[in-house]
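Inspection log for the structure reproduced underneath, given as structure tokens.
Taken together, the values in this text are just the output of simple stated rules run on the coordinates, not laboratory data. No experiment lies behind these values; they were computed from the predicted model shown. With ideal geometry, Cβ positions are generated from the backbone for all residues, glycine too; neighbour counts draw on all protein chains shown.
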């Protein structure tokens, strides 16, 4: 059985700072559209090392490996499906070396993203094939030195459970985060409350939300997740840095360091204990987030009005979920708060 390094660290600290974006920061370092970032683990390891080192220097307590698309199904798109073990183990070794150079404890999360396939009965991939694919990746990440297996950006319950089952073979702690990017639900219709049920069923080390459509939506998903989860559940918030925009033939994110600092504070207030950034989040964003968390005195769970005033408008679905939770907490009849005048801004 592998040693659990996450639980002791959480016992010492009220929060941990996770890292920023891998993909968007690699584009700034020369990665081109259509190129597999995982290939850089052997072709340009120094660029991966430098990025992860900059996250640690900015204050990250957890860094993720460059292995988001590291299953054989994703690597097959780049004729690299026979290199799963090599590329994932290299990803973990690079991160492990940077983490071990730090003058404090820094954990390595083995990033495991979706296969890109749809599971049966809607798609061609069987649950058994999915489990084996994730197990192959997870075992390589464990051999390379990962402390945690970090399943991220999932949208279906079936694929999330297949990833959990595959990762379980390593004995490492498992974290799972979903992307609530469709009116407060994942693309496949999963709600934060349903993720809370999955976490309890599978005894995850932590669960939460990443990516999505901006900091406001992610903060709302954490509020809703906290309301549905067992109070002892460790929650993870890893929001995109603002909203993506197409500028000069490239995707850029409009989130400022100040916005991400506000998001970090609200995520902590919402109940998250592991807080980081996803797409667009640079080491500079992360540095400001660290300072914000270090000086923040935790406040009440944020309301719709607080989230929108500080981070921007919510989608109708996310706002409705949050409003329903506020009704339940207040003991009001369902829909009572919707009958009150709303100060929610238009999402347009």
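Let's test the formula: R0 of 25 Å, r as the Cβ-Cβ distance of residue 245 and residue 284. What FRET efficiency results, to the nearest 0.05?
0.85
Restricting attention to the alpha-carbon atoms of the stretch 6-299, what are Rg (one decimal) and Dmax (integer), both in Å?
When restricted to Cα atoms, the stretch 6-299 yields Rg and Dmax of 17.3, 50 Å.
What order do you get for 76-82, 239-245 when each peptide is scored by the mean count of other beta carbon atoms within 10 Å, highest first?
Working: 76-82: 13.0, 239-245: 22.1.
Peptide ranking by packing, descending: 239-245, 76-82.
What is the Cα radius of gyration of the stretch 151-241 over 2.2 N^0.38 Å, N being its residue count? Please list the in-between numbers first.
Details: Rg = 11.9 Å, N = 91, 2.2 N^0.38 = 12.2 Å.
So the Cα radius of gyration is 0.97 times the expected 2.2 N^0.38 Å.
As a test of the formula, what do you get for the chain when each DSSP H run with n ≥ 4 contributes -39,500 (n - 2.57) and the sum is divided by the residue count, at 222 nm and rounded to the nearest 500 deg cm²/dmol?
Values: 14 runs with 157 residues, N = 348.
It lands at -13500 deg cm²/dmol.
Could you give the length gained by full extension between residue 105 and residue 76, i.e. 0.36 nm per residue of separation minus their alpha carbon distance, to one decimal place? Could you put the intermediate results ahead of the total?
Working: separation 29, 0.36 × 29 = 10.44 nm, distance 3.54 nm.
My answer for the length gained is 6.9 nm.
Tally the DSSP beta bridges in the stretch 202-281 and give the antiparallel ones as a percent, rounded to 5. Intermediate values should be presented prior to the final figure.
Details: 4 of 14 bridges.
Approximately 30 percent, going by the DSSP bridge assignments.
What are the extents of the Cα atoms of the stretch 12-77 along their three principal axes, listed from largest to smallest and rounded to whole Å?
Extents along the principal axes: 42, 24, 18 Å.
Can you sort 161, 194 so the residue with the fewest Cβ neighbours within 10 Å comes first? Numbers along the way, then the final one.
Details: 161 20, 194 16.
Listing 161, 194 from fewest to most nearby Cβ atoms yields 194, 161.
For 266, 293, what's the fewest-to-most ordering of other Cβ within 10 Å of each Cβ?
293, 266
Order of 209-215, 320-326, 107-113, 300-306 by packing, highest average Cβ count within 10 Å first?
Ranked from most to least packed, the peptides come out as 107-113, 209-215, 320-326, 300-306.
Can you say what percent of the DSSP beta bridges in the chain, counting only those with both residues inside, are antiparallel? Round to 5.
Rounded to the nearest five, the antiparallel share is 15 percent.
Compute the distance in nm between two label points, each set 7 Å from the Cα along the Cα-to-Cβ direction, one at residue 303 and one at residue 86.
That separation, rounded to one decimal, is 5.9 nm.
What is the Å³ per residue value for the convex hull set by the Cα atoms of the stretch 69-180?
96 Å³
For 122, 87, what ranking results if the residue with the fewest other Cβ atoms within 10 Å of its Cβ goes first? Walk me through the numbers on the way to the answer.
On the way: 122 10, 87 24.
If I rank by nearby Cβ atoms, fewest first, I get 122, 87.
Extending each Cα 7 Å along its Cβ direction at residue 256 and residue 329, get the distance between those two points in nm, one decimal.
Simple spin-label model gives 2.8 nm for this pair.
Tilt of helix 45-58 relative to the longest C-alpha principal axis of the chain, in degrees (0 to 90, nearest 10)?
Roughly 40 degrees, rounded to the nearest 10.
Using only Cα atoms, what Kirkwood radius does the stretch 199-293 have, in angstroms?
13.5 Å
Using only Cα atoms and rounding to the nearest 10 degrees, what angle (0 to 90) does helix 283-295 make with the longest principal axis of the chain?
50 degrees
Under a point spin-label approximation (7 Å from Cα along Cα-to-Cβ), what is the residue 291-residue 122 distance to one decimal in nm?
4.4 nm
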